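Below: the structure, in structure tokens.
The values are calculated or read from the model by the stated rules, or taken from the named source; none is laboratory data. Keep in mind the model is a prediction, meaning the values are calculated, not measured. So basically every Cβ, Gly included, is an ideal-geometry build from the backbone, and we count neighbours across all protein chains shown.
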Amino acid sequence: MTETPLLSVPSSNQSENKSSPATCPDLNDWWDIVYYIIPKYIDTICVIGMLGNMFVLFTYLLHKGPLKIAEVYLMNLAVADLIFLTCLPFWAKNIRNGFNWPFGNFLCRSMSASIGLNMYTSIYLLVAVSVDRYLTFVHTLNHRLIRSTAMAKRICLLTWFFGILLSAPAFMFRTVKYFPEWNISACSLDFPTPLWATAERLLFNIVGFDLPSTAIIFLNFSTICSLQKKARQRRALRTKSSGEHKGTKATRLIFTVILVFLLCWTPYHFFVFLDILHRTEVIKGCFWGELLNFGEQFGSTLAITNSCINPVIYVFVGKYFRQKALEVFSQFIPYGFCLRKVSFREKSSYFNTFTVRSSST
């Protein structure tokens with residue numbers, strides 16, 4: 001029974017195991033491994049992710065100068081990850097308890113809604129920043145009305161509102177429900193009819209991943225093709241544009257963030273798609289039931305990893321983010337570690353206006 005990420009019960013197929021042991025193998029030993037390993041992994045991700053995303057937020061908030069367009073999007077992405085990471089300890093405890101939810105109805109609903117909010121908000125923020133890259137390098141006309149920090153902030157507010165709207169069903173229909181076949185009270189979705197559950201899965205899969213992922217892939221593919229074309233033209237003319245070079249470096253960071261997000265979330269949504277087929281009995285049987293059971297755990301574990309990877313990407317891929325972080329945190333470093341003074345203009349902030357003639361992000 002694949003549900004909103006991270007707060008799902010192992011699956012109703014375990015009841016099939018009990019009713020028909022001849023055809024459905026007993027996998028309790030494997031579930032014992034899940035209960036032992038995954039909570040420890042989640043705790044590790046939570047600590048690393050909280051520290052990393054707080055580092056990103058402090059860098060953006062404490063740095064002198066106004067936020068640039070991509071910084072607005074990436075800072076909101078860090079906030080979404082932090083909200084998500086605060087839910088992980090509850091999920092880890094839930095798994096340690098064998099999916100027996102100990103925190104009451106309100107936290108069951110709010111934790112589930114927060115997890116959905118993270119996914120919807122994160123992917124649509126990546127759509128927004130992909131559109132920004134596309135307008136910069138594919139349609140290089142003047143887009144000041146569209147490409148401005150004020151507009152970026154409005155888009156972020158709209159994205160948060162959209163994410164809250166889409167995660168509302170999780171808050172409305174989540175409840176602590178008793179499952180006599182497992183003797184647990186689990187935090188699960190309790191829709192009026194099975195049709196509602198299938199509809200929710202379709203919405204989650206199509207609106208939450210398929211459509212925005214298609215847009216992200218198209219926009220970034222077009223941007224890459226445009227950058228390659230301009231690079232060939234520069235080589236042919238043997239010229240080099242400093243501003244465009246910086247814009248390309250900035251775009252490389254965005255591409256990396258997007259690629260890692262898709263790699264982390266695609267397996268989970270693949271199993272969501274299989275779950276839709278299983279619910280509609282296009283596929284059925286113990287094999288598919290157990291595949292969904294363990295596939296969901298694998299997909300969820302990989303998905304949560306994404307929330308702690310972005311800060312690592314910023315540090316290792318984002319040259320100008322590193323410079324910005326040094327500018328911010330050098331004031332807290334003891335005098336023995338004084339850094340060479342470099343002006344803000346000389347450091348060419350990684351996230352400038354993303355135009356061909358100026359530094360960008």
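Conditions tested, residue by residue: (1) among the polar types (S, T, N, Q); (2) within 20 Å of Ile83 (Cα to Cα).
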{"position": "Pro102", "(1), (2)": "no, no"}
{"position": "Asn105", "(1), (2)": "yes, yes"}
{"position": "Met111", "(1), (2)": "no, yes"}
{"position": "Ile115", "(1), (2)": "no, yes"}
{"position": "Met119", "(1), (2)": "no, yes"}
{"position": "Tyr124", "(1), (2)": "no, yes"}
{"position": "Ser130", "(1), (2)": "yes, no"}
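If you filter the stretch 174-233 down to residues that are small (Gly, Ala, Ser) and not in a strand (DSSP E or B), you find that the one that is surrounded by the most Cβ atoms within 10 Å (Cβ to Cβ) is Gly208. If you check Trp160 against the conditions, is it touching a Pro at 6+ places or on another chain (Cβ under 9 Å) and either surrounded by 14 or more Cβ atoms within 10 Å (Cβ to Cβ) or of a type in the set (Val, Ile, Thr) (or both)? Answer is no for this residue.
Only one of the listed residues (Phe171, Phe161) is in contact with a helix residue (DSSP H, G or I) (Cβ under 7 Å, 6 or more places away or on another chain) and of a type in the set (Phe, Trp, Tyr). That residue is Phe171. Per the conditions (1) within 23 Å of Leu302 (Cα to Cα); (2) in contact with an Asp or Glu (Cβ under 9 Å, 6 or more places away or on another chain); (3) of a type outside the set (S, T, N, Q), the sole criterion not satisfied by Ile206 is (2). Every condition in (1) outside any helix (DSSP H, G or I); (2) crowded, with 16+ Cβ neighbours inside 10 Å is met by Gly65 except one, and the failing one is (2).
Would a scan of the stretch 292-300 turn up a residue that is under 30 Å from Ser222 (Cα atoms), surrounded by fewer than 21 Cβ atoms within 10 Å (Cβ to Cβ) and either at pLDDT 80 or above or of a type outside the set (Ser, Thr, Tyr) (or both)? No, the stretch 292-300 contains no residue that is under 30 Å from Ser222 (Cα atoms), surrounded by fewer than 21 Cβ atoms within 10 Å (Cβ to Cβ) and either at pLDDT 80 or above or of a type outside the set (Ser, Thr, Tyr) (or both). In the condition set (1) of a type in the set (Lys, Arg); (2) surrounded by 16 or more Cβ atoms within 10 Å (Cβ to Cβ); (3) at pLDDT below 75, Lys18 is compliant with all but (2).
Could you please find all residues in the stretch 301-317 being among the polar types (S, T, N, Q) and either closer than 21 Å to Leu57 by Cα or crowded, with 23+ Cβ neighbours inside 10 Å (or both)? If the condition is that a residue be among the polar types (S, T, N, Q) and either closer than 21 Å to Leu57 by Cα or crowded, with 23+ Cβ neighbours inside 10 Å (or both), then Thr305, Asn306, Ser307, Asn310 are the ones that fit.
For the stretch 33-47, the condition holds for at least one residue, the condition being that it is over 15 Å from Asn118 (Cβ atoms), touching a Lys or Arg at 6+ places or on another chain (Cβ under 8 Å) and in contact (Cβ under 8 Å) with a residue 24 or more places away in the chain. Tallying residues that are surrounded by fewer than 16 Cβ atoms within 10 Å (Cβ to Cβ), touching a residue at least 60 places away in the same chain (Cβ under 8 Å) and closer than 16 Å to Ala303 by Cα within the stretch 68-104 yields 0. Return yes or no: is Arg147 modelled with pLDDT under 90, buried (at least 16 other Cβ atoms within 10 Å of the Cβ) and not aliphatic (A, V, I, L, M)? Yes, satisfied. Residues that are of a type in the set (A, V, I, L, M) and in contact (Cβ under 8 Å) with a residue 40 or more places away in the chain within the stretch 174-212 comprise Val176, Ile184, Ala186, Leu189, Ala197, Leu202, Val207, listed in sequence order. State whether the residues of the stretch 135-142 include one that is of a type in the set (A, V, I, L, M, F, W, C), at pLDDT 90 or above and either at negative phi or buried (at least 20 other Cβ atoms within 10 Å of the Cβ) (or both). No: zero hits. Among residues of the stretch 302-331 that are among the β-branched types (Val, Ile, Thr) and modelled with pLDDT of 85 or more, those with a Cβ under 7 angstrom from a residue that is outside any helix (DSSP H, G or I) and surrounded by 20 or more Cβ atoms within 10 Å (Cβ to Cβ), sequence gap 6+ or separate chain, pair up as Ile304/Leu6.
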